[in-house]
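K.L.:
Take a look at this one; I'll ask things after.
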Amino acid sequence: MAIDANEQIEKFQEFLEEVYRHNVEESVLAGRTFLVIDFFDLSKFNHELAEELLDHPEDTTKAAEIAIGQLEFGKALRVRFRNLPESQKVYIRNLRSVHLGKFVCVEGLIRQASDVRPKVVSARFECPSCNNIITILQVDQKFREPHRCSCGRKGHFKLLEKELIDAQRLVVEESSNTLEGGGQPRRLAIFLREDLVEPKMEKRTTPGSGVRINGVVDEIPIPTKDGGTSTTFDIVMNANYIEPIEEDFSDIIVKPEDEAEIKALAKDKNIYQKLIKSIAPTIYGHDMIKEAVALQLFGAVRKANPDGTSTRGDMHILLVGDPGSGKSQILTFVKANAPKVRYVAGRSASGTGLTAAVIKDEFLRGWALEAGAMVLADKGLLAIDEMDKMSKDDTAALHEGLEQQQISISKANIQATLRCQTSVLAAANPKFGRFDPYAPIAQQIDMPPALINRFDLIFIVRDRPDKDRDSKIAHQILKKSSLQATEGEIKSEILRKYIAYAKKNCNPILEKGALEEIKNFYVELRNTGQAGDDKVQPIPISARQLEAVVRLSEASARIRLSDKVTVDDARRGINLLRSTLMDVGIDPETGKLDIDRISGGMPASERGKMITVRDIIFKFDDEGKKTMPVVDIYSEAMKRGITQEKVDEALEKLKRSGDIFQPKQGFVQRI
């Protein structure tokens, strides 16, 4: 049975004086314009009043605000209700007409956030004929004026004043973790007003943030092309209360029995092998890749430096391989089992879709910020398949996000920095679809060197015939096809909780032995074969690879739930990095490691030949030969052990760099 308005006001006055008196006084003294009431406190005081709030939220909320104003110590405060019961929590995709006018709770990620703009809620007009004052409530999208005065006058009324409030429109998308099958995440427009859009609330409404919103579901008409109104209405929500939620590893609940199982796994001597067998168990082999993915899922420790900068703890892995070698299966496994993942693929992903976009807001006529996949995967993992199919302009948008772990936007009237502490697992095919066994591998990766250099590990996945291996792969595929599912040694549910527990509770630091091990590896590898040689020497690794080893070592310690990184952890990281460098970073001419094979595109051997050819040209120029025949350069270069083919390559690069030009066929001249 419905409670009338006067009775509601009386009961709210009793509730506020008996239960929330201190809260009201605190809000008034703090200068706040709102009062937050826990729904369960109201339900405990008066169950009928709580039920009335859920069924008729607008009238009941007004009664509560009137009751506050009538208190002796009270003033006009907005009432916000938090902690609604489970029965009122509805997935965005399940909102229907029965929810219209009801008080419900939805959760999701903010995709768009418009600018905060003033909105008219009421306007006062004066009749020029009789000086009558007319107040019109502005409840529609269009500004309304009075049609007629009581004296009979129509139109041309004088506007005296408008009552304005701040308003903002959000678009919230439901979490991908709640989807079933191939369902598309649904979106809902949310309107925030007054204290919900105060500057201090800005962190709660940043695109990419997870939020829980309590509000009233409402319908708005959809205009037709001819200016009429459609019979179909759109659903929106007028927010009453908004609070942030962490939709990442910290959101996963680990029960005491789960914790005991996790600690038992961490103490197991074979835990690394168990994890390898649990990562994409339907795919045979690729143990090195699976070990690296396991370390990536557990992650390293993010470090805040005293100078205000920070060192990322998230690892990035790139898989480059022949078609059908199982890359996408590994990405699909991670998508289904990691605590928080976003998945994008190839041509279907744009630069703005990966980072953030500034779009026109239809409702408030301003500009809105829409978060991309990398921002939405904050404190999680972004899986990018078919990365080689993306254009260079789109992949260039990833540079800042991969290293600085933030996305800076400066478009229209929006200047913003979005956080994206995200690990990236990417897969790509070689330049010509399949690896050429006779060409250097680095030349077959068709991606910008600056982007490749930001990946901690790059794995080459080849598809080579091997009788024993092919037999085992066939057995694995046929076993999967006969519905005999291959399960990992660690079940998916406990694996998710294991990752979340380790990230929350374990922040390992390097022991002295581990520090020495990593330092010796770095110094010895960088200075191999350098002493006493004046030639251009290859640089085997850079400081970026050193940081990668540290991250891998810390992740290895996290798997054991250890607070210290041991020598064994350091060696595990070193072995993984050395393995990937041997695949990609070997210069075929010298047989030595050269990081420029990965990051710069031109190895030291080629740089050395180019410098030698340039020296020959400069020598001839100093001798007075301004225009020199190419055959003379060939002859001089042959004496220094450089073939004609390499001379042609060096001359072409010198032309592109602007050191020389070709005045006529067969001759070159120094600029």
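The values are calculated or read from the model by the stated rules, or taken from the named source; none is laboratory data. Since this is a predicted model, take the numbers as computed values, not measurements. No Cβ is skipped: glycine too gets one built from the backbone with ideal geometry, and neighbour counts run over all protein chains shown.
K.L.:
Looking only at region 241-261, decide whether some residue is assigned to a strand (DSSP E or B), touching a strand residue (DSSP E or B) at 6+ places or on another chain (Cβ under 7 Å), surrounded by 20 or more Cβ atoms within 10 Å (Cβ to Cβ) and not assigned by TED's automatic domain parsing to the domain that holds residue 510.
P.N.:
There is at least one residue in region 241-261 that is assigned to a strand (DSSP E or B), touching a strand residue (DSSP E or B) at 6+ places or on another chain (Cβ under 7 Å), surrounded by 20 or more Cβ atoms within 10 Å (Cβ to Cβ) and not assigned by TED's automatic domain parsing to the domain that holds residue 510.
K.L.:
Please determine whether any residue of region 157-177 is under 30 Å from residue 358 (Cβ atoms), part of a loop (DSSP other than H, G, I, E, B), modelled with pLDDT under 85 and among the small types (Gly, Ala, Ser).
P.N.:
yes
K.L.:
Name the pairs whose Cβ atoms lie under 7 Å apart, with the first residue in region 503-524 and more than 16 Å from residue 559 (Cα to Cα) and part of a loop (DSSP other than H, G, I, E, B), the second at pLDDT 85 or above and among the basic types (Lys, Arg), and 6 or more positions between them or separate chains?
P.N.:
511/564
K.L.:
Across region 330-372, which residue is farthest from the chain's Cα centre (by Cα) among those that are at pLDDT 80 or above, surrounded by fewer than 19 Cβ atoms within 10 Å (Cβ to Cβ) and assigned to a helix (DSSP H, G or I)?
P.N.:
332
K.L.:
Return only the number of the condition from (1) under 35 Å from the mean Cα position of the chain (by Cα); (2) closer than 20 Å to residue 196 by Cα; (3) assigned to a helix (DSSP H, G or I) that residue 35 does not satisfy.
P.N.:
(3)
K.L.:
Quickly run through region 565-588 and pick out the residues that are assigned to a loop (DSSP other than H, G, I, E, B) and either among the acidic types (Asp, Glu) or modelled with pLDDT under 85 (or both).
P.N.:
585, 587, 588
K.L.:
Determine which single condition residue 24 fails, assuming it passes every other condition in (1) surrounded by fewer than 16 Cβ atoms within 10 Å (Cβ to Cβ); (2) in a helix (DSSP H, G or I).
P.N.:
Unmet for residue 24, out of (1) surrounded by fewer than 16 Cβ atoms within 10 Å (Cβ to Cβ); (2) in a helix (DSSP H, G or I): (1).
K.L.:
Now a separate question. Of 608, 601, 591, which residue is part of a helix (DSSP H, G or I) and modelled with pLDDT under 75?
P.N.:
The unique qualifying residue is 608.
K.L.:
If I ask for residues that are part of a helix (DSSP H, G or I) and either closer than 25 Å to residue 496 by Cβ or touching an Asp or Glu at 6+ places or on another chain (Cβ under 9 Å) (or both), which ones from region 550-564 would you list?
P.N.:
551, 552, 553, 554, 555, 556, 557, 558, 559
K.L.:
Being of a type in the set (Phe, Trp, Tyr) and modelled with pLDDT of 85 or more: is that true of residue 298 here?
P.N.:
Criteria met by residue 298.
K.L.:
Tally time: how many residues in region 617-644 are of a type outside the set (A, V, I, L, M, F, W, C), part of a helix (DSSP H, G or I) and either over 17 Å from residue 665 (Cα atoms) or in contact (Cβ under 8 Å) with a residue 60 or more places away in the chain (or both)?
P.N.:
Matching residues across region 617-644 total 6.
K.L.:
Can residue 96 be described as exposed (fewer than 14 other Cβ atoms within 10 Å of the Cβ) and in the same structural domain as residue 197 (by TED's automatic domain parsing)?
P.N.:
yes
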